[in-house]
Amino acid sequence: MRLPDYFHFSMRVRLIAGYEALERLPELLSDLSCQHPLILTDQNVTEAGLLELVDNVLTRAAVSSACTRMITPADSQAEAVNAAAAAYAAADCDGIIALGGGSVIDMAKGVTLLLSCDPQISDIRAYARHSCSHLTTIPCVAIPTTSGTGSEVTRTAEITDTPGTQMLRFSSETLQCSAALIDPRMSTTLPSVLSASTGMDALSHAFEAYTGLGKNPLSDGLSVQAIELISAHLEQVTTEPADLTARMAMAVGSTMAGQASDNSPPGITHAIAHALSDLCGVHHGSSVSILLPYGLEYNEHKITGELEELARLITGGTSAEDAIAYLRALNEQLSATTEGAHKTRLHDITDQSGAAAVRPEHLPLVARRVLGDPLQFYNPEQFEYQDVLNLLEAAYWGYPLDRTLITQGKR
Amino acid sequence: MDQYLSFDFFARPRIISGSKALEAIVGELEHLGIQSPLILWYAGRSSSQLQALKKALGESPAAAAAVCRMGDHPSRSEFKEILTLMSSSGCDALLVLGSGSIQSTAKLLNLMYSRSVDIEQLPELPESREPLLPHIAILDEQTDGREAACRLLVDEFRLSDPAIYPDTIVIDERICGSCTMRELADSAIISLAQICECYRAHTSSPMIKAWTNPALRFLGDHQSRSTGKKARAAHLNAAVYAQIAHSTVGFGPISTLAELFEVSQFCSAAELTAVVLPYYIRELEETRSTLFTEVFREISTLSSAEADRSFRQHESLAQALTALAAANEERASTTGKRPIIESMIRQTRRLLSADDQHELLTLLDTIVTHTAAQTARGGLI
């Protein structure tokens with residue numbers, strides 16, 4: 001194991017994981033001196049009965065009546081963040097419980113950021129791409145209901161400016177939650193197709209953290225554990241959604257992958273996924289699932305050793321190609337278990353009306369947008385327009401990347 | 001699997017490691033909003049450490065920080081003097097240079113200062129959730145197993161409290177290199193014992209493995225070539241990861257014994273650990289072969305079967321442990337402290353018995369048996 005010439009590592013979120021971790025919420029709130037929390041969640045979570053589960057735990061601990069509840073839009077929106085911050089102040093809350101997937105947790109982080117910094121600023125958009133160095137002062141407990149984004153442990157948040165426009169991306173120590181409760185009951189109602197795509201998102205965090213330029217001994221340790229857990233249980237949660245052991249493994253694995261990724265940022269796979277999200281509205285997990293093997297192929301000549309190590313870990317194989325082939329086969333398997341709902345090429349992704357979300361004419365625009373993504377600094381290989389376009393075309397039509405067309409690798 | 005996936009884990013310190021990690025301190029101070037830190041420095045260490053730190057602080061406000069030179073075991077009057085200095089200088093953070101007791105002392109000073117406790121009031125400390133002053137720990141490789149942890153030991157005063165975690169751990173190759181190979185081995189043996197206890201603990205989890213596996217790798221990779229600064233920094237990284245993981249799982253039998261011995265000042269924690277650890281590892285082999293194999297796979301980076309075979313041939317770690325134990329035996333045979341270990345083990349058994357930790361008791365029985373046999377052959381400690 002190589003000791004990098006320089007790295008820093010931070011993981012300040014207290015993690016409580018367990019089959020009944022939710023029962024420890026009152027104790028955790030007490031530890032954080034939080035008596036009147038604002039509960040942020042969304043409609044899907046509420047309809048799935050998860051808010052009720054949380055309410056029951058709080059009621060038994062006589063905390064429930066002190067809570068303020070707010071149902072937010074399914075996607076994290078700046079206006080909703082501003083409204084939640086106003087509600088927090090109006091109700092004199094002293095902490096936040098974020099119950100939901102990455103969007104809800106990101107919104108909670110936005111509220112924390114807004115309330116921790118300049119009191120004169122009431123619009124979260126003011127902090128976009130602008131650092132706020134204050135330490136978190138508002139207790140925030142994340143209860144993730146998907147196993148994918150890792151948002152419960154990261155120092156980043158993505159919030160939509162207005163629906164259908166580019167995401168605002170925030171990064172600050174202030175955005176780190178105080179604690180996360182990892183309870184498998186929270187994800188048993190997640191549909192199979194979302195279980196597949198969010199699980200692949202988590203796997204991509206671990207793979208890109210392990211192979212990225214920001215890797216360090218601890219991000220490696222987290223990635224390896226995450227990859228072992230996710231690769232062993234991802235398929236199971238799509239076929240047996242109520243399997244608590246598999247759900248627990250996925251929940252822990254995705255959280256650890258999030259920590260790895262937070263300390264060793266992802267590269268080309270996520271950079272392209274960002275552009276596809278901004279320009280074509282593609283769900284992050286769906287694009288990352290498809291792009292991960294292509295991103296690794298793009299970098300393969302720079303990360304052969306790392307991919308060989310991961311191949312030994314998950315396939316028993318010995319070559320970099322084995323690891324990439326494993327991911328393609330996993331995508332195919334997930335597509336089969338979700339009856340085709342999990343897509344394996346960009347061409348097949350549709351929008352809400354059923355029309356193709358990504359069209360061939362989008363690809364050059366996406367490739368240009370990728371060249372401006374800061375994640376390129378962490379990618380082992382440089383980004384070159386034609387190379388990225390070649391990758392996109394391969395992922396669009398679903399054939400392996402012709403690496404002889406990649407110019408950067410030859411230099 | 002069920003228990004393995006259930007855990008409560010918190011790692012407060014941010015870790016900054018590298019050949020120029022000291023230069024990151026200025027940014028760290030800014031990030032924490034620190035204007036007026038107090039530099040605590042153990043006077044027994046090389047002055048080049050302090051010079052390197054001062055140089056790295058450059059022209060930042062922290063470069064003008066007061067420097068407090070401390071002895072190994074500060075007296076009560078020294079404690080009072082430092083607390084007075086903290087107060088008069090408007091100290092808003094502690095920048096603590098060096099490993100070992102100075103970090104424990106800094107944690108205690110921080111508690112006393114932040115909670116307005118006088119030295120005469122110890123060991124009583126008021127309950128409080130108020131945060132302490134930021135504590136930036138700049139470590140060298142002569143560790144005692146507590147620097148990065150939420151633990152302190154100052155003379156007979158012991159405390160375990162999440163509030164006393166350092167905020168930042170800085171590992172810089174320029175600070176490493178001043179300790180002897182013996183001191184480095186002591187540090188490594190404590191790290192290894194902590195890792196083994198982590199593997200063995202009921203509360204072991206994937207998170208624990210994520211921290212202990214890289215630590216094992218570093219210990220294994222560098223055990224026989226620890227002369228370079230890079231290798232020493234790797235050792236120190238291993239010690240920090242092990243301490244943070246070990247903080248989460250709690251004391252096992254080796255660290256319990258080691259700390260009792262350290263408090264008694266009969267021998268160092270490392271000496272005791274070097275005696276007991278080989279038996280503990282053999283116990284691991286007998287009772288949890290899967291874990292055992294995994295430990296050595298990580299150490300040797302060989303496949304499981306090869307690692308297992310390697311160990312059975314007494315290569316690598318086993319050889320090192322045996323050599324340590326033998327050296328210790330030789331030194332100890334002349335000290336005449338033989339009854340002490342039996343007394344301490346008995347005491348530890350009582351402590352463990354009170355908590356009804358059956359498995360630990362069983363393990364201790366084995367250690368007692370082995371240790372007694374060793375003692376009968378010529379004395380250990």
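If you average 1/r across every pair of different Cα atoms in the stretch B:148-195 and take the reciprocal, what Kirkwood value do you get, in Å? Evaluated over the stretch B:148-195, this radius sits at 13.0 Å. Among the residues of B:234-240, the average count of other protein chain beta-carbon atoms within 10 Å of the residue beta-carbon is 3.
Only aspartates and glutamates eight or more places from A:Lys215 in sequence, or on another chain, were considered; those with a Cα closer than 17 Å are A:Asp5, A:Asp262, A:Glu300, A:Glu306, A:Glu308, A:Glu309, A:Glu381. Only one residue of A:Gly212, A:Ala395, A:Phe383 has its Cα farthest out toward the positive end of the dipole of the stretch A:192-410, where Lys and Arg carry +1 and Asp and Glu -1 on Cβ, and that residue is A:Phe383.
Can you tell me how much longer the chain between A:Thr46 and A:Ala66 gets when fully stretched, taken as 0.36 nm per residue apart minus their C-alpha distance, in nm with one decimal?
In short, 5.3 nm is gained.
Toward the positive end of the charge dipole of the stretch A:14-187, with +1 on the Cβ of Lys and Arg and -1 on the Cβ of Asp and Glu, the farthest Cα among A:Ile39, A:Ala90, A:Ala78 is that of A:Ala78.
For the stretch A:192-410, what class follows from the C-alpha gyration tensor (a ≥ b ≥ c being the square roots of its eigenvalues): rounded when a/c is under 1.5, otherwise prolate if a/b is larger than b/c, else oblate?
Details: a/c = 1.59, a/b = 1.11, b/c = 1.43.
Note, shape of the stretch A:192-410 comes out oblate.
Place the peptides A:383-396, B:196-209 in order of packing, highest mean first, counting for every residue the other Cβ atoms within 10 Å and averaging per peptide. Please list the in-between numbers first.
Working: A:383-396: 20.5, B:196-209: 22.2.
The peptides rank, most packed first, as B:196-209, A:383-396.
Once you order the gyration tensor axes a ≥ b ≥ c over the Cα atoms, which shape class does the stretch A:210-314 get: rounded for a/c under 1.5, otherwise prolate or oblate by comparing a/b with b/c? Here the stretch A:210-314 falls in the oblate category. What the Cβ-Cβ distance of B:Asp92 and B:Lys54 gives, at R0 = 22 Å and to the nearest 0.05, is a FRET efficiency of 0.70.
I'd like the distance separating the alpha-carbon centroids of the stretch A:339-411 and the stretch A:191-246, in whole Å. Distance between centres, Cα-based: 22 Å. Backbone phi angles across the stretch A:79-94, fed through the Karplus curve with coefficients 6.51, -1.76 and 1.60 (θ = phi - 60°), yield HN-Hα couplings of 4, 5, 4, 4, 5, 5, 5, 5, 5, 4, 5, 5, 8, 6, 6, 10 Hz in residue order; Gly and Pro are listed as x.
Checking the cross-link pairs B:Lys54/B:Lys80; A:Lys109/B:Lys229; B:Lys20/B:Lys209; B:Lys20/B:Lys80 against a 30 Å limit on the alpha carbon distance flags A:Lys109/B:Lys229; B:Lys20/B:Lys80 as lying beyond it.
Counting only Cα atoms, I'd like the Rg/Rh figure for the stretch A:334-411, Kirkwood definition for Rh.
Details: Rg = 14.4 Å, Rh = 14.0 Å.
Computed over Cα atoms, the ratio is 1.03.
Can you sort A:Val141, B:Val263 by 1.4 Å-probe accessible area, starting with the largest? Write down the numbers at each step before the final one.
Numbers: A:Val141 0, B:Val263 30 Å².
Per-residue accessible area, sorted high to low, gives B:Val263, A:Val141.
The values are calculated or read from the model by the stated rules, or taken from the named source; none is laboratory data. Predicted model, so just to flag it, every value in this text is computed and none were measured. Because the Cβ atoms are built from the backbone with ideal geometry, glycine has one as well, and the counts that use them run over all protein chains shown. What goes into the accessible areas is simple: the full protein's heavy atoms, side chains included, and nothing from ligands, DNA or RNA. Shrake-Rupley method; radii C 1.70, N 1.55, O 1.52, S 1.80 Å.
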